[in-house]
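Written out below as structure tokens is the structure these notes cover.
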Amino acid sequence: MAKIISNKFPIDTEARRAIGFGFPLNGDAVFIPTYQTKDQIKANLINYLLTNKGERVFNPNFGANLKSILFENITDATLEDLKFIIQEEISIYFPTVNVKQIEFKNEPDLNEVNFLLSYEISLFGIEDNINILLQ
């Protein structure tokens, strides 16, 4: 009979080996190393959300294009369309991530949009949030 011991990536077993870098990019050595897959998935999601389409070399469709909504007339329909697009693209670029909730809090007088993404990493059953203030 098969038994699942734990839901870990094999790369997570070596605590001293960094597997990537996280955000913000202002650590002691400029890059903050990440040592676990869940931390790197969060850093990759932040990278995706802060990237505009056309910025990534050889992958011009990568990015959430969130900064572009600051200069548009933000309506409920616009936000619903953007939520749908982000959810679809996350399922393409991050197949192990299940989006739980996408929320926008609009501050038109301050020209700010607060973006909140709640997600679950299906391999680990770990839920986490990303909160980004766009100005």
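The values are calculated or read from the model by the stated rules, or taken from the named source; none is laboratory data. Since this is a predicted model, take the numbers as computed values, not measurements. Neighbour counts run over all protein chains shown; Cβ positions are idealised from the backbone, glycine included.
Would you confirm, using the coordinates I've provided, whether Phe71 is loosely packed, with under 12 Cβ neighbours inside 10 Å, farther than 16 Å from Ile130 by Cα, aromatic (Phe, Trp, Tyr) and at pLDDT below 85? It is true that Phe71 is loosely packed, with under 12 Cβ neighbours inside 10 Å, farther than 16 Å from Ile130 by Cα, aromatic (Phe, Trp, Tyr) and at pLDDT below 85. Kindly establish whether Ile69 is on the phi < 0 side of the Ramachandran plot, touching a residue at least 40 places away in the same chain (Cβ under 8 Å) and in contact with a helix residue (DSSP H, G or I) (Cβ under 7 Å, 6 or more places away or on another chain). For Ile69, the condition - on the phi < 0 side of the Ramachandran plot, touching a residue at least 40 places away in the same chain (Cβ under 8 Å) and in contact with a helix residue (DSSP H, G or I) (Cβ under 7 Å, 6 or more places away or on another chain) - is met. Taking interchain pairs and intrachain pairs at least six residues apart, which have beta carbon atoms under 9 angstrom, with the first residue in region 87-99 and at pLDDT 95 or above and the second aliphatic (A, V, I, L, M) and surrounded by fewer than 16 Cβ atoms within 10 Å (Cβ to Cβ)? Here the result reads none, with nothing in region 87-99 linked to a residue that is aliphatic (A, V, I, L, M) and surrounded by fewer than 16 Cβ atoms within 10 Å (Cβ to Cβ).
Restricting region 93-135 to residues that are of a type in the set (A, V, I, L, M) and assigned to a loop (DSSP other than H, G, I, E, B) leaves a set whose member that is surrounded by the fewest Cβ atoms within 10 Å (Cβ to Cβ) is Leu110.
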